[in-house]
1. Exactly one condition in (1) surrounded by 10 or more Cβ atoms within 10 Å (Cβ to Cβ); (2) at pLDDT 90 or above is not met by residue 42; state its number.
2. Considering only segment 50-95, state which residues are out of contact with any strand residue (DSSP E or B) (no Cβ under 7 Å at 6 or more places or on another chain) and among the aromatic types (Phe, Trp, Tyr).
3. What residue, among those in segment 48-95 that are in a loop (DSSP other than H, G, I, E, B) and surrounded by 10 or more Cβ atoms within 10 Å (Cβ to Cβ), is modelled with the lowest pLDDT?
4. Under the condition of being charged (D, E, K, R) and in contact with a Ser or Thr (Cβ under 7 Å, 6 or more places away or on another chain), which residue from segment 44-78 is farthest from residue 33 (Cα to Cα)?
Amino acid sequence: MKKFLILLTLLCSISLVPTASADVLPEFDDNEPVVTIRHGEKATYFEYRVNGKLKEIKVKPVVGKTYYLRPTEEGEFQRFEDSSLMLPKWILFSW
């Protein structure tokens, strides 16, 4: 009889526990830039793609100033000192 009561209370307590549910992840907007970071020996490269098309590469060398490469109509890259993309560049923490 004691085993039956213990089993019954365990079953009742399990049924009161809420079940876990998976959250649905938000879908990504195709207009949002996708950033791929590649680390090289002499620099770090940040590739910015919008709708799968390469828009800009940010080159951050180990020594020297950061610059940007943008593809031209001829399939080559042109060097610029400033970015042409309108991206939020918030600083959340700094110390």
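1. (1)
2. 90, 93, 95
3. Applying the filter and picking the extreme gives 87.
4. Once the filter is applied, the top-ranked residue is 60.
The values are calculated or read from the model by the stated rules, or taken from the named source; none is laboratory data. Everything quoted here is computed from the prediction, not taken from an experiment. Cβ: placed from backbone, ideal geometry, glycine included. Neighbour counts: every protein chain shown.
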